[in-house]
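What follows is calculated from the coordinates using simple rules that are stated; it is not laboratory data. This structure is a prediction, so every number in the text was calculated from the model and none was measured.
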Amino acid sequence: MDRNLVGAFYDGNELTKEQKDKLEIALTQIFWDQRKKERSDTDDSNKGTK
């Protein structure tokens, strides 16, 4: 993911290393939350077919 954050800007200013690290943590959390939700949705829909 770091490759994608190299040129990250906010309000025209390049993000600091600390800001990029925080952004990476936030994006990773969002990714895993979404994966968990998708798996839960899939599990719920499979229960109705058994």
Shape of the stretch 7-48 from its Cα gyration tensor (a ≥ b ≥ c, root eigenvalues): rounded if a/c is under 1.5, otherwise prolate when a/b > b/c, or oblate?
prolate
Which aspartates and glutamates, on any chain, are close to Lys17 with Cα under 17 Å apart, when same-chain ones fewer than 8 places away are left out?
Asp2
